[in-house]
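Undergrad: Quick one: the structure is below, and I'll ask about it shortly.
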Amino acid sequence: MKFKSLLTTAAIALGLATGAVAQDKTKVGFVYVGPVGDGGWTYEHNKGRLAIEEEFGDKVETVFVESVPEGPDAERVMTQMALEGADLIFTTSFGYMDPTINVAKKFPNVKFEHATGYKMADNVSVYSARFYEGRAVQGHIAGKMTESNIIGYIGSYPIPEVIRGINSAYIHAKKANPDVQFKIVWAYTWFDPAKEADAASVLIEQGADVILQHTDSTAPQAAAQEAGNVITFGQASDMSEYAPKPRVSSIIDNWGPYYIARTRAVMDGTWTSSNTWDGIGPGMVEIGEISDAVPADIKEEALALKAALADGSYHAFTGPLKKQDGSDWLAEGEVADDGTLAGMNFYVEGLEGDIPQ
Amino acid sequence: MIVLEKRPQPSRAWSYATPLVAVLATMVFGGLLFAILGKNPVQAIGTIFWEPLFGEFAFYYRPQLLVKGAPLVLIAIGLSLGFRAGIWNIGAEGQYIMGAIFGAGAGLAFYPLDAWYIFPIMVVAGAFGGWLWATIPALLKVRFGTNEILVSLMLVYVAEQMLASVSLGLLKNPEGFGFPGSRNLQSYESAHNAELIAGSGMHWGVVAAFIAVIFAYVLLNRHMLGFHIRLTGEAPRAAKFAGVNPARLILFCLGISGALAGLAGMFEVSGPSGQISIDFNVGYGFTAIIVAFLGRLHPVGILLAGGLMALTYIGGEIAQSQLGLPAAAIQVFQGMLLFFLLAFDLLTNFRIRAARSEVA
């Protein structure tokens with residue numbers, strides 16, 4: 001193989017590829033971290049993809065690759081999509097951040113949308129959902145429903161998004177029930193049914209009768225069902241096959257409207273790099289049907305909380321709040337700014353244990 | 001009735017033919033699987049094997065074969081030395097992780113200093129990290145007779161925990177807004193294992209893989225130590241008479257395979273991957289075991305097997321996005337390859353005979 005000739009072909013073909021965007025069908029690519037059948041995170045992103053197809057019919061073509069490891073493999077998959085003429089590529093995991101930026105540099109005419117990250121470029125937008133608003137509603141229900149006063153929490157990775165969720169759930173559980181205690185297990189995975197089931201079992205053995213999860217499979221739901229008197233919440237997806245019990249409600253990521261809007265922007269030529277962080281209000285985060293296993297008065301309170309979060313009259317992080325070490329964080333009536341929330345790396349007062357470092 | 005008859009000598013012809021037969025059988029049965037999934041099998045197989053090499057965008061995929069294949073070959077070469085002598089290092093994945101941590105750690109310790117000697121230090125540190133991790137099961141085996149398969153495998157999970165720990169603590173990017181993961185070495189020039197020629201896929205890890213192949217070939221064919229390795233695997237008793245020191249051989253084989261796995265991790269983290277993150281390892285250490293056997297534990301065979309494995313990965317991704325094949329189907333396809341290889345391997349040592357049933 002002659003490297004010089006290879007290099008020239010590469011340069012020429014890259015030029016061709018970026019020029020090849022001008023076709024009548026808009027091509028949208030998706031890179032998924034899990035399998036589309038995970039029933040959680042990737043499943044919902046894939047629903048968003050299908051929503052694009054439904055909206056635009058044969059004006060779009062969508063492609064996806066699932067279970068792509070974060071790192072060089074992701075970079076290759078994105079490059080491959082860009083080469084094959086994708087106009088817009090959604091990269092749907094935090095770990096795709098640097099690969100997305102790298103590939104975006106090589107294909108300035110292709111638009112990229114990276115979920116849950118913070119690095120942007122002229123052709124790279126970032127988007128995420130304020131899942132913590134949903135956690136507030138969950139926390140309230142959990143605090144009211146627990147009889148053992150022990151709430152188990154399956155964390156995936158100790159990153160700001162997950163810590164935000166734990167804090168939000170804890171604050172609202174504590175408000176509903178001052179005696180409540182959180183037990184947190186770190187699974188170090190987004191999707192691993194076996195590990196998630198183990199984590200759930202450990203928490204149940206330690207007396208938890210409510211399990212919250214920030215992992216994507218339904219394994220904890222199954223473990224709770226087997227254990228009997230334990231309630232759970234669907235994560236990322238409704239997981240309604242476990243309703244009315246153990247699954248009493250859920251946080252649903254609804255990406256469809258955003259994906260449709262961004263695809264339309266590419267078609268119209270109005271796409272610009274942006275940073276989107278939407279919550280319950282705009283509909284990016286939905287609260288799944290609260291089942292009959294929850295008494296009517298608690299359900300009503302939860303819905304009221306949801307409504308307040310949606311119309312902006314209440315913020316999930318409203319002072320007075322202290323950090324775990326007892327230092328002041330938010331004064332009475334003060335609400336957290338997005339910068340602090342985005343990089344949140346501390347527990348609020350009352351939570352036990354340390355964030356793994 | 002069909003009986004298996006042990007060959008007096010393993011068949012040379014079959015030992016060369018089985019990898020090819022296995023690949024063909026994988027194509028046939030894989031094609032069948034794809035057909036059941038409602039895809040055109042010829043097109044699917046074609047996409048996997050043809051597209052990366054000769055398709056429209058081959059200019060991009062060919063260098064990627066080097067990027068994907070190099071760590072596999074580098075690790076598999078190390079493993080094959082031990083496997084030949086009956087020393088089973090199953091924990092290359094852990095050694096790969098430790099090499100990456102040591103390598104990246106050494107580099108980041110100098111940040112933001114700009115100096116030529118940083119990268120060589122990282123190379124040494126990476127090899128040391130892998131060597132260290134493999135030497136644990138080696139010493140335990142030599143000293144206490146523990147089983148190196150179990151110990152090296154278990155240490156993979158320890159290494160994964162270490163990886164998570166340094167991603168969240170020691171090596172976390174101070175400018176990363178609290179997110180886990182180290183600084184990106186791609187943007188730290190002195191520590192960056194860049195492509196030697198832009199767009200070629202050739203980085204130092206690929207060079208190291210080729211050197212390792214040559215080194216292993218010479219070692220096995222021209223060197224006393226290589227002879228001892230082969231002898232120990234093929235005739236342990238004879239090896240004893242020949243004066244082979246088993247303890248030293250264990251330390252050498254595990255150590256060298258660990259060092260090579262560590263190098264692979266170091267080249268990966270400083271090059272294609274760029275950063276230490278919780279999900280840095282993607283299974284090269286385990287896949288390399290398949291590569292080692294697919295290559296018949298022969299250095300040149302491993303080189304070819306690494307290329308083939310890389311091909312199925314890259315072709316598999318293309319098949320996913322172009323034809324909508326599920327990722328799991330591609331994994332089954334790769335699994336078939338090892339399965340058929342082991343199955344047909346039987347023919348190397350056994351002959352199939354139609355036996356007449358005799359009266360007892």
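Undergrad: Using amide H atoms built 1.01 Å from N in the peptide plane, name the residues 5+ places from A:Thr62, or on other chains, whose amide H lies under 5 Å from its own.
TA: HN-HN under 5 Å from A:Thr62: A:Val28.
Undergrad: Let me ask you something else. In units of 2.2 N^0.38 Å, what is the alpha-carbon radius of gyration of chain B?
TA: For chain B, the normalised Cα radius of gyration comes out at 1.06.
Undergrad: For chain A, what's the radius of gyration and Dmax over Cα atoms, in angstrom?
TA: Over chain A's Cα set, Rg and Dmax evaluate to 21.5, 74 Å.
Undergrad: Can you give me the angle between helix A:296-311 and the longest principal axis of chain A, using Cα atoms only, in degrees from 0 to 90, rounded to the nearest 10?
TA: For helix A:296-311, the angle is close to 40 degrees.
Undergrad: What is the mean number of Cβ atoms from other protein chains located within 10 Å of the Cβ atom of each residue in peptide A:77-84, rounded to a whole number?
TA: 4
Undergrad: Let me ask something additional. Angle check, please: helix A:193-205 long axis (alpha carbons) against the longest principal axis of chain A (alpha carbons), in degrees 0 to 90, nearest 10.
TA: Roughly 10 degrees between the two axes.
Undergrad: Taking the Cα centre of the protein assembly as shown as origin and charging only Cβ (+1 Lys, Arg; -1 Asp, Glu), how large is the dipole, in debye to the nearest 20?
TA: Numbers: 48 positive and 65 negative charges, 802 e Å.
Magnitude of the dipole: close to 3860 debye.
Undergrad: Between 0 and 90 degrees, rounded to the nearest ten: what's the tilt of helix A:131-145 against the longest Cα principal axis of chain A?
TA: Approximately 20 degrees, to the nearest 10.
Undergrad: Assign unit charges at the C-beta atoms only (+1 for Lys and Arg, -1 for Asp and Glu), then state the dipole size of chain B relative to its Cα centre in Debye, rounded to the nearest 20.
TA: Numbers: 20 positive and 16 negative charges, 310 e Å.
Its charge dipole is roughly 1480 debye.
Undergrad: Considering chain B as a Gaussian network with a 10 Å cut-off on Cα pairs, which listed residue, B:Phe57, B:Phe215, B:Phe102, attains the greatest mean-square fluctuation?
TA: With Cα springs under 10 Å in chain B, the top fluctuation among B:Phe57, B:Phe215, B:Phe102 is at B:Phe57.
Undergrad: Sorted by mean Cβ packing within 10 Å, highest first, what order do the peptides A:58-67, A:126-135 take? Spell out each step's value before the answer.
TA: On the way: A:58-67: 19.5, A:126-135: 24.7.
Averaged packing, sorted descending, gives the order A:126-135, A:58-67.
Undergrad: I'd like the Karplus ³J(HN,Hα) series for region B:6-11: coefficients 6.51, -1.76, 1.60, θ = phi - 60°, whole numbers in Hz, and an x wherever there's a Gly or Pro.
TA: Ordered by residue, 3J(HN,Hα) equals 5, 6, x, 10, x, 6 Hz.
Undergrad: Also, I was wondering about something else. Can you tell which of B:Ile302, B:Ile211, B:Ile289 shows the greatest fluctuation in a Gaussian network model of chain B with Cα springs below 10 Å?
TA: B:Ile211
Undergrad: In percent, how large is the relative contact order of chain A, given Cα pairs closer than 8 Å and 6 or more residues apart? Show your work: numbers first, answer last.
TA: Numbers: 737 pairs, mean separation 58.5, N = 357.
It rounds to 16 percent for chain A.
Undergrad: Same structure again: Out of the DSSP beta bridges found with both residues in the protein assembly as shown, what percent are antiparallel (nearest 5)? Kindly include the intermediate steps, with their values, before the conclusion.
TA: Values: 14 of 51 bridges.
Antiparallel bridges make up about 25 percent of those DSSP assigns within the protein assembly as shown.
Undergrad: OK, next. Quick query: amide H of A:Gly85 versus all other amide H atoms, modeled in the peptide plane; which residues come in under 5 Å with a sequence gap of 5 or more or a different chain?
TA: Hits under the 5 Å cutoff: none.
Undergrad: Pick out, from B:Val123, B:Leu171, B:Ala159, the residue whose Cα sits farthest towards the positive end of the charge dipole of region B:106-224, with +1 on the Cβ of Lys and Arg and -1 on the Cβ of Asp and Glu.
TA: B:Ala159
Undergrad: Give me a single rounded figure for A:62-74: the average over its residues of other chain Cβ atoms within 10 Å of their Cβ.
TA: 6
Undergrad: Place +1 on the Cβ of every Lys and Arg and -1 on the Cβ of every Asp and Glu in region B:181-318, take the dipole about the Cα centre, and give the residue among B:Ala212, B:Gln186, B:Leu311 whose Cα lies farthest towards its positive end.
TA: The one lying farthest along the dipole's positive direction is B:Ala212.
Undergrad: Another question, then. Only helices at least 24 Å long along their own axis, judged from Cα atoms, and with Kyte-Doolittle mean hydropathy of 0.5 or greater: name those in chain B from DSSP H.
TA: Correct list, ordered by number: B:12-36, B:58-84, B:92-109, B:118-144, B:148-168, B:204-222, B:246-270, B:299-323, B:327-349.
Undergrad: Sort out for me the Cα centre separation of region A:333-357 from region B:138-190, rounded to whole Å.
TA: Region A:333-357 and region B:138-190 have Cα centres separated by 27 Å.
Undergrad: Further question: When Cβ neighbours within 10 Å are restricted to other protein chains, what is their mean count per residue of peptide B:175-184?
TA: That works out to 6 on average.
Undergrad: Can you list the residues, at least 5 places off or on another chain, whose amide H is less than 5 Å from the amide H of A:Val335, using H built in the peptide plane?
TA: A:Gly319
Undergrad: Next up: Which residue, A:Asp297, A:Asp192, A:Asp98, tops the fluctuation ranking in a GNM of chain A built on C-alpha contacts under 10 Å?
TA: A:Asp297
Undergrad: For B:Tyr117 paired with A:Lys175, estimate the spin-label separation in nm (one decimal), with each label point 7 Å from Cα along the Cα-to-Cβ line.
TA: Here the answer is 6.0 nm between the modelled labels.
Undergrad: Okay, next question. Which aspartates and glutamates, if any, have their Cα less than 13 Å from the Cα of A:Lys323, not counting same-chain residues under 8 positions apart?
TA: Candidates past the 8-residue exclusion: A:Glu349, A:Glu352, A:Asp354.
Undergrad: Tell me, what HN-Hα J-couplings in whole Hz come from the Karplus equation 6.51 cos²θ - 1.76 cosθ + 1.60 at θ = phi - 60° for each residue of region A:246-257, using x for Gly and Pro?
TA: x, 6, 9, 6, 6, 9, 10, 7, 10, 8, x, x
Undergrad: Report the net charge of residues surrounding B:Asp279, where surrounding means a beta-carbon distance below 12 angstrom and charges are Lys +1, Arg +1, Asp -1, Glu -1.
TA: Surrounding charge for B:Asp279 is -4.
Undergrad: While we're on this one: Please report how far the C-alpha centroid of region A:65-79 lies from that of region A:160-191, rounded to the nearest whole angstrom.
TA: One Cα centre to the other: 31 Å.
Undergrad: Now for a separate question. Using helices alone, I'd like the mean residue ellipticity at 222 nm for chain B: each DSSP H run of four-plus residues gives -39500 (n - 2.57), total over residue count, nearest 500.
TA: When only DSSP H runs of four or more count, the value is -23500 deg cm²/dmol.
Undergrad: Report the semi-axes of the equivalent ellipsoid for region B:214-360 in whole Å, largest first, where each axis is √(5λ) for an eigenvalue λ of the Cα gyration tensor.
TA: One finds semi-axes of 33, 29, 12 Å for region B:214-360.
Undergrad: Tell me the relative contact order for chain B as a rounded percent, counting alpha carbon contacts under 8 Å between residues six or more apart.
TA: Details: 631 pairs, mean separation 129.7, N = 360.
Computed value for chain B: 36 percent relative contact order.
Undergrad: What does the charge add up to near A:Asn102, with Lys and Arg as +1, Asp and Glu as -1, over the other residues with Cβ less than 12 Å from its Cβ?
TA: Result for the local shell: +2.
Undergrad: Quick check: pseudo-label points 7 Å beyond the Cα along Cα→Cβ at B:Asn245 and B:Tyr16, how many nm apart are they?
TA: 3.9 nm
Undergrad: Could I ask something else about it? Considering the options A:Tyr32, A:Pro295, A:Trp277, tell which one lies farthest towards the positive end of the dipole of chain A, charges being +1 on Lys and Arg and -1 on Asp and Glu at the Cβ, about the Cα centre.
TA: A:Tyr32
Undergrad: Rounded to whole Å, give me the distance from the Cα center of region B:282-360 to that of region A:230-258.
TA: The two parts, judged by their Cα centres, are 40 Å apart.
Undergrad: Restricting to DSSP H runs of at least four residues, report the calculated mean residue ellipticity at 222 nm for chain A, -39500 (n - 2.57) per run over all residues, nearest 500 deg cm²/dmol. Let's see the in-between values first.
TA: On the way: 11 runs with 143 residues, N = 357.
Calculated from helices alone, the mean residue ellipticity at 222 nm is -12500 deg cm²/dmol.
Undergrad: With a sphere of radius 10 Å drawn around the Cβ of A:Tyr188, what net charge do the other residues whose Cβ falls strictly inside it have (Lys, Arg +1; Asp, Glu -1)?
TA: Taking every Cβ under 10 Å from that of A:Tyr188, the sum is -2.
Undergrad: Kindly provide the pair-distance distribution of the protein assembly as shown built from C-alpha pairs, with 20 Å bins from 0 and whole-percent values in order of increasing distance.
TA: 16, 46, 31, 6, 0
Since every read-out is calculated from the coordinates, none of them should be taken as a lab result. Only a predicted model underlies this, so the values are computations on that prediction, with no experimental measurement involved. Neighbour counts run over all protein chains shown; Cβ positions are idealised from the backbone, glycine included.
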